[in-house]
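The structure under discussion appears below in the form of structure tokens.
The values are calculated or read from the model by the stated rules, or taken from the named source; none is laboratory data. Note that the structure is predicted; figures quoted are calculated from it, not measured. Don't worry about glycine lacking a Cβ; one is built from the backbone with ideal geometry, like all the others, and counts go over all protein chains shown. We work out accessible area using only protein heavy atoms, side chains counted, and drop any ligands, DNA or RNA first. Shrake-Rupley method; radii C 1.70, N 1.55, O 1.52, S 1.80 Å.
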Amino acid sequence: MMANLIRPLLILGVAAASIKGTREQRESCPFFQQIGCLTDTLEKSCVPDERLDFLHKHMDESVWLCCCPTPYAACTKAERDPTCYAALTKHFDGGATDIPREQVVERLQHARGELWAAHA
């Protein structure tokens, strides 16, 4: 089971080795911060003894805070990135928290993929 959770991170590691463009070019993506934050959360979701509290909207390190301009800092609805919030709402059923770990990993990847596709 652990191999299945770690596999996405191994795939990400390979992809990271062939990243194109300068850091400045990558940071020019309007979703750079949100994609990075979702990647951090994805990493947490692969740790078997890590609680999935980050799925709760009002936790200190909630995945929902990834949609704010500053990572893990609360923001108002007006400041929240609507594309990010829509992707999380779609893949986490508007705030569902009772999701099996394997599905959390998959859903985070889908949400992150939607942000990437929105800028591609």
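Here are the numbers for this structure:
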{"item": "Members of the stretch 65-120 that are among the acidic types (Asp, Glu) and on the phi > 0 side of the Ramachandran plot", "result": "ASP93"}
{"item": "Selected residue (only one of ARG80, ARG51 is open to solvent by 70 Å² or more (accessible area, probe 1.4 Å), modelled with pLDDT of 85 or more, farther than 19 Å from ALA120 by Cβ and of a type in the set (Lys, Arg))", "result": "ARG51"}
{"item": "Filter result (more than 13 Å from the chain's Cα centre (by Cα) and open to solvent by less than 70 Å² (accessible area, probe 1.4 Å)) within the stretch 28-48", "result": "CYS29, VAL47"}
{"item": "Residue within the stretch 55-74 that is among the β-branched types (Val, Ile, Thr) and within 13 Å of THR39 (Cα to Cα) present", "result": "yes"}
{"item": "Residues that are of a type in the set (A, V, I, L, M, F, W, C), part of a helix (DSSP H, G or I), open to solvent by less than 90 Å² (accessible area, probe 1.4 Å) and touching a residue at least 40 places away in the same chain (Cβ under 8 Å), drawn from the stretch 83-120", "result": "CYS84, VAL104, VAL105, LEU108, ALA111, LEU115, ALA118"}
{"item": "The stretch 43-60, residues that are in a loop (DSSP other than H, G, I, E, B) and either β-branched (Val, Ile, Thr) or out of contact with any Asp or Glu (no Cβ under 8 Å at 6 or more places or on another chain) (or both)", "result": "CYS46, VAL47, PRO48, ASP49, GLU50, ARG51, LEU52, HIS56, LYS57, HIS58, ASP60"}
{"item": "Count of the stretch 87-103 residues which are within 21 Å of GLN33 (Cβ to Cβ) and touching a helix residue (DSSP H, G or I) at 6+ places or on another chain (Cβ under 8 Å)", "result": "5"}
